[in-house]
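Visitor: Here's a structure for you.
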Amino acid sequence: MALTKEDVLHLAKLCRIDLHSKEVEQCTSQLSAVIAYVDQLKEVDITGVDAVANITGLENIFRDDVLHGCTPEERERIRSQFPMREGDLLKTRGVFS
């Protein structure tokens, strides 16, 4: 699939890139070459090949989140050290102004 100059100009607009006419010609030929190279993958026979999402063999090592409550004494100690409170809630300064 060969790209046209209009295709490249459209892509440049989407990417918010200003291209000069010489750059448009260069990008047209280069992007067309990349697409032609990727199109070669259509010719590869993949029958009998399982889909693989992860080729490294690594597994997720993260633990499940488990909620651990604190004792009433710990809760009161935390609350007493927090500078701004409103009832049972701890207040922080605003992040967005």
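Visitor: Based solely on its DSSP helices, what 222 nm [θ] is calculated for the chain when runs of n ≥ 4 H residues each add -39,500 (n - 2.57) and the sum is averaged over all residues, nearest 500 deg cm²/dmol? Don't skip to the answer; put the middle values down first.
Guide: Values: 3 runs with 39 residues, N = 97.
Mean residue ellipticity, 222 nm, calculated: -12500 deg cm²/dmol.
Visitor: The list (1) 35, 16, 9; (2) 22, 14, 12; (3) 57, 29, 8 gives values of semi-axes √(5λ) of the Cα gyration tensor in Å, and only one came from this structure; which label was calculated from it?
Guide: (3)
Visitor: For the ranges 83-92, 63-72, 25-34, 9-18, what's the packing order if you count other beta-carbon atoms within 10 Å of each residue, average per peptide, and put the highest first?
Guide: Numbers: 83-92: 8.9, 63-72: 6.1, 25-34: 14.2, 9-18: 10.8.
Ranking the peptides 83-92, 63-72, 25-34, 9-18 by packing returns 25-34, 9-18, 83-92, 63-72.
Visitor: Where the accessible area of the chain is counted over protein heavy atoms with a 1.4 Å probe, how much of it, in %, is carbon and sulfur? It would help to have the intermediate numbers written out before the result.
Guide: Numbers: 5570 of 9750 Å².
Ligands and nucleic acids excluded, carbon and sulfur reach 57 percent.
Visitor: How large is the charge dipole for the range 28-90, taken about the Cα centre, if only the Cβ atoms of Lys, Arg (+1) and Asp, Glu (-1) carry charge, to the nearest 20 debye? Please list the in-between numbers first.
Guide: Values: 6 positive and 12 negative charges, 65 e Å.
So the dipole magnitude of the range 28-90 works out to roughly 320 debye.
Visitor: With the other protein chains left in place, how much accessible area per residue, in square angstrom, belongs to the chain at a 1.4 angstrom probe? Show your work: numbers first, answer last.
Guide: On the way: 9750 Å² over 97 residues.
With all protein chains present, the chain gives 101 Å² per residue.
Visitor: Work out the charge dipole of the chain with +1 on the Cβ of Lys and Arg and -1 on the Cβ of Asp and Glu about the Cα centre, then indicate which of Gln30, Leu90, Thr4 is farthest towards its positive end.
Guide: Of Gln30, Leu90, Thr4, it is Leu90.
Visitor: Once you list every other residue whose beta carbon is under 15 Å from the beta carbon of Ser32, what net charge do they have if Lys and Arg are +1 and Asp and Glu are -1? Kindly include the intermediate steps, with their values, before the conclusion.
Guide: Details: positive: Lys5; negative: Glu6, Asp7, Glu23, Glu25, Asp39.
Once positives and negatives cancel, what remains is -4.
The values are calculated or read from the model by the stated rules, or taken from the named source; none is laboratory data. The model shown is predicted, which means the values in this text are computed figures rather than measured ones. All Cβ positions, glycine included, derive from the backbone under ideal geometry; neighbour counts span all protein chains shown. All accessible areas refer to the heavy atoms of the entire protein, side chains included, with ligands and DNA or RNA removed. Shrake-Rupley method; radii C 1.70, N 1.55, O 1.52, S 1.80 Å.
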